[in-house]
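Asker: This structure is in structure tokens; I'll ask about it shortly.
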Amino acid sequence: MTTFDLFAPEPDDAALMAQLRQTLHDHAHRYYVLDAPTLPDAEYDRLFRQLQALEARHPELITPDSPTQRVGGKPLEQFAAVRHAVPMLSIRTETDTQASGAELFDARIRRELGLTALDPAIDYVAEPKFDGLAMNLRYERGVLVQAATRGDGEVGEDVTQNIRTIGQIPLRLPAGVPAVLEVRGEVYMRRDDFEALNDKQRAAGQKTFVNPRNAAAGAVRQLDPAIAAQRPLSFYAYGLGAVTPPEAGGPVWQSHFELMQTLKSWGFPVSELVKCAQGAAELVAYYDAIGRQRDALGFDIDGVVYKVNSLALQRQLGFVTREPRWAVAHKFPAQEMLTSVLAIDVQVGRTGKLTPVAKLAPVFVGGVTVTNATLHNEDEARRKDVRVGDTVIVRRAGDVIPEVVSVLLDKRVDEPAIFTMPRLCPVCGSAAVREEGEADYRCTGGLFCSAQRKQAILHFAQRRAVEVEGLGDKLVDQLVDAGIINTLPDLYRLGFTALANLARMADKSAQNILDALEKSKQTTLPRFLFGLGIRHVGEATAKALARHFGQLDAIMDAPEDALLAVADVGPIVAKSIRTFFDQAHNREVVEQLRACGVTWAEGEPAPVAAQPLSGQTFVLTGTLPTLGREEAKALIEAAGGKVAGSVSKKTSFVVAGAEAGSKLDKARELGVAVLDEDQLKEMLDGGA
Ligand code: IVH
């Protein structure tokens, strides 16, 4: 690494500037692409300012590849048109019908190549289909001279000024690259960067973006490069445009994968999820594996892309109209769809919480048909301004409950009424109140409210609590509405006749319910405790309480400070537990349940064993080689550690896997120790 010693003889300015450019380039690559910075930020800034000062003195020596040219430039009136030297093609989409899209693609390629079942499997490369926008980066003699959007494939827009602001995109390439080199790839925005940008926009009272792709597209097409520079963009390379041909001294590659490795060595970000795959079976496995990782990746993808690896075979396969025959996109089910709002209902939860729910025209999104989407609470519903009749974007990602992302205001007809939260519980008519500092309205009816009673019973009977098989919401509705069951112990007082007399209840089913109730009496302390539905006491807390105290009476009588000694229990939880058991009717419910024969094995209070990770906070980023995100989290928590979502000075360790991004940068910035999966496993085993 070059150092700049004040006492060394001063080289001439031009040479010094070249040296500074080189150092800053190297560092930017290590920082943005390799995630392994070697210079402290302050030192980078100092060198950067030194170069800026020299450039101010010698404007004639400013080169387009200078790192100072990433920012700045004047706002444009409009973007100039760029005719692509090699058209930017689109790509065929393979959809799953009977067979998987991967199998259809492989079968098509084999047919085109005239292969039979006896011929060996074809080598493919499988890649994520990044959900951003396509970009052509043109380098001449190793210097970035132009960045252009795809446009209509023939003519795009010159967005060079904005693209220069992307730290991951090299402005200059190492010596020896082809005289003309066009690298193609996707400009996108990471999810954490997107969230941070929206937070910033909200704080400044400006409009927020609907999703990372829209935010990225907006940034790229921003006429003022100073604004574009503040929008955090990223880039992945996935192919080439025009290149100096081999006969003119250009490079020769045999395969797409080899080409990708070369691009990586030249400083371009290439996803670690780009993998070689043999034949249809491995493509199918790739599709499934990436599908499972989709929600844990730091960025949005909308499918995968399969490419024939051999460039000779690619040439042989050629193109049909505007699409290559050698590549296809295989999409995942869309996570966002348009639909319309039929009504806005207000549901009452177990704790009396009122939740506005948009009733939707059925829509297939995220792999399931969705008819309801939560609007969370009054403020959210107002902020999004969802009204009956509106056309909305619905999102369902992974197992997360569907939500309304935004309203398409230009599709709104007439002026439907603004949503307001009812002041009375829609179920029991009790007052609904919103406490100071709370986001939610709650029905004050308590167990007088049949909605709360029903939810309390369903909560107690669920599989994760005492488990009464077959006791579903329809049956609970019937039992509560008919006034047969009012409190939990009433469940165990149910007789055969009462059950069998219900509409649509056969004798056999009635007996099954009674058997299931009998079976549920043998339970465990954590299940019983969780089943009581104490606010803030989830399964994990119930387990921790049971482990700590051993016996229910000890928990029921524990003062707040004794509860606070339990791992996982903070002041809010402790207060909630105390409040619950301070109410005579709750103690009565417990007594009656015991009297009805609900039992569990009670134990001794556990000695407080020091757990290997207690007191340590972890942040997970990127894709770990073997552990899923949830799995890693569960292991850390089981060992007494905490898992947080963002890196701060309080973070003990950042666990980083492939494609780790800004959290890793942040860890380095704050000097937080970084672990890989193996090191984490060692700690979990108590090895550190
Ligand atoms: S290859 C001739 N690879 O998908 C094939 N495209 O191509 C050129 N996309 O808007 C495209 N991820 O920006 C390729 N790994 C990937 C990709 C990818 C995303 C986008 C691309 C274009 C669309 C169709």
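The values are calculated or read from the model by the stated rules, or taken from the named source; none is laboratory data. If you're wondering where the values come from, they're calculated on a predicted model, not measured in any experiment. Here Cβ is always computed from backbone atoms with ideal geometry, including for glycine, and neighbour counts include all displayed protein chains.
Asker: Checking Arg292 against (1) of a type outside the set (A, V, I, L, M); (2) surrounded by fewer than 16 Cβ atoms within 10 Å (Cβ to Cβ); (3) at pLDDT below 95; (4) assigned to a strand (DSSP E or B), which test does it fail?
Answerer: If we test Arg292 against (1) of a type outside the set (A, V, I, L, M); (2) surrounded by fewer than 16 Cβ atoms within 10 Å (Cβ to Cβ); (3) at pLDDT below 95; (4) assigned to a strand (DSSP E or B), just (4) comes out false.
Asker: For segment 103-123, check the following and say yes or no: at least one residue is of a type outside the set (Gly, Ala, Ser) and under 30 Å from Leu34 (Cα atoms). Write out each step before concluding.
Answerer: Of segment 103-123, the ones of a type outside the set (Gly, Ala, Ser) are 103-106, 108-113, 115-116, 118-120, 122-123.
Next cut, under 30 Å from Leu34 (Cα atoms) only: 123.
Within segment 103-123 (the criterion being of a type outside the set (Gly, Ala, Ser) and under 30 Å from Leu34 (Cα atoms)), the answer is yes, since at least one residue qualifies.
Asker: Return the pairs, sorted by first residue and then second, in which the second residue is more than 12 Å from the ligand (Cβ to nearest atom) and assigned to a loop (DSSP other than H, G, I, E, B), the first residue lies in segment 117-135 and is over 12 Å from Asp302 (Cβ atoms) and of a type outside the set (S, T, N, Q), the beta carbons are less than 7 Å apart, and the residues are 6+ apart or on different chains.
Answerer: Here the result reads Asp123/Asn309; Tyr124/Asn309; Val125/Asn309, each pair linking segment 117-135 to a residue that is more than 12 Å from the ligand (Cβ to nearest atom) and assigned to a loop (DSSP other than H, G, I, E, B).
Asker: Further question on the same structure: For Gly267, state whether it is touching a residue at least 24 places away in the same chain (Cβ under 8 Å), surrounded by 21 or more Cβ atoms within 10 Å (Cβ to Cβ) and more than 14 Å from the ligand (Cβ to nearest atom).
Answerer: Numbers: touching a residue at least 24 places away in the same chain (Cβ under 8 Å): yes; surrounded by 21 or more Cβ atoms within 10 Å (Cβ to Cβ): yes; more than 14 Å from the ligand (Cβ to nearest atom): yes.
For Gly267, the condition - touching a residue at least 24 places away in the same chain (Cβ under 8 Å), surrounded by 21 or more Cβ atoms within 10 Å (Cβ to Cβ) and more than 14 Å from the ligand (Cβ to nearest atom) - is met.
Asker: For segment 110-211, please list each of the strands (runs of 3 or more DSSP E) lying entirely inside it that holds at least 1 residues being more than 16 Å from the ligand (Cβ to nearest atom) and farther than 22 Å from Leu76 by Cα.
Answerer: Values: elements: 123-130, 133-140, 143-149, 155-157, 180-188.
Those strands (runs of 3 or more DSSP E) span 123-130, 133-140, 143-149, 180-188.
Asker: Still on this structure, I have one more. Please name all residue pairs, on different chains or six or more residues apart, with Cβ atoms under 7 Å, provided the first residue is in segment 77-103 and is touching a residue at least 12 places away in the same chain (Cβ under 8 Å) and the second residue is charged (D, E, K, R) and more than 16 Å from the ligand (Cβ to nearest atom).
Answerer: Going by the 7 Å Cβ cut-off, the qualifying pairs are Phe79/Asp158; Ala80/Asp158; Val82/Asp158.
Asker: So which strands (runs of 3 or more DSSP E) stay within segment 596-688 end to end and still have 3 or more residues that are closer than 30 Å to Leu563 by Cα?
Answerer: Numbers: elements: 617-621, 642-644, 653-656, 673-675.
Correct list: 617-621, 642-644.
Asker: For the subset of segment 231-251 comprising residues that are modelled with pLDDT of 90 or more and more than 16 Å from the ligand (Cβ to nearest atom), which member is nearest to the chain's Cα centre (by Cα)?
Answerer: Residues of segment 231-251 that are modelled with pLDDT of 90 or more, as a first pass: 231-244.
So of that shortlist, the ones also more than 16 Å from the ligand (Cβ to nearest atom) come out as 231-232, 244.
Numbers: Arg231: 19, Pro232: 17, Thr244: 40 Å.
Per the criteria, the residue is Pro232.
Asker: Something else: For Phe105, only one of the following conditions fails: (1) crowded, with 18+ Cβ neighbours inside 10 Å; (2) assigned to a strand (DSSP E or B); (3) within 16 Å of the ligand (Cβ to nearest atom). What is its number?
Answerer: All conditions pass for Phe105, except number (2).
Asker: Only one of these conditions is not met by Arg535: (1) surrounded by 21 or more Cβ atoms within 10 Å (Cβ to Cβ); (2) of a type outside the set (S, T, N, Q); (3) not in a helix (DSSP H, G or I). Which number is it?
Answerer: Condition (1) is where Arg535 drops out.
Asker: Here's something else I'd like to know. Could you tell me whether any residue of segment 514-527 is closer than 21 Å to Gly352 by Cα, touching a residue at least 60 places away in the same chain (Cβ under 8 Å) and in a helix (DSSP H, G or I)? First the steps, then the outcome.
Answerer: First, pick out the residues of segment 514-527 that are closer than 21 Å to Gly352 by Cα: none.
Checked segment 514-527: no residue is closer than 21 Å to Gly352 by Cα, touching a residue at least 60 places away in the same chain (Cβ under 8 Å) and in a helix (DSSP H, G or I).
Asker: Tally time: how many residues in segment 309-343 are away from the ligand (no atom under 16 Å from the Cβ), surrounded by fewer than 19 Cβ atoms within 10 Å (Cβ to Cβ) and over 23 Å from the mean Cα position of the chain (by Cα)?
Answerer: Counting residues in segment 309-343 that are away from the ligand (no atom under 16 Å from the Cβ), surrounded by fewer than 19 Cβ atoms within 10 Å (Cβ to Cβ) and over 23 Å from the mean Cα position of the chain (by Cα) gives 4.
Asker: Would you pick out the residues in segment 363-379 that are at pLDDT below 90 and surrounded by 14 or more Cβ atoms within 10 Å (Cβ to Cβ)?
Answerer: If we filter segment 363-379 for residues that are at pLDDT below 90, which is where we start, we get 364-368.
Within segment 363-379, Val365, Gly366 qualify.
Asker: Would you mind telling me which numbered condition in (1) touching a helix residue (DSSP H, G or I) at 6+ places or on another chain (Cβ under 6 Å); (2) more than 16 Å from the ligand (Cβ to nearest atom) Asn377 fails?
Answerer: Result: Asn377 passes all but (1).
Asker: Out of Ala632, Ala639, report the one residue that is closer than 20 Å to Arg294 by Cβ and out of contact with any Lys or Arg (no Cβ under 9 Å at 6 or more places or on another chain).
Answerer: Values: Ala639 fails: closer than 20 Å to Arg294 by Cβ.
Of Ala632, Ala639, the one residue that is closer than 20 Å to Arg294 by Cβ and out of contact with any Lys or Arg (no Cβ under 9 Å at 6 or more places or on another chain) is Ala632.
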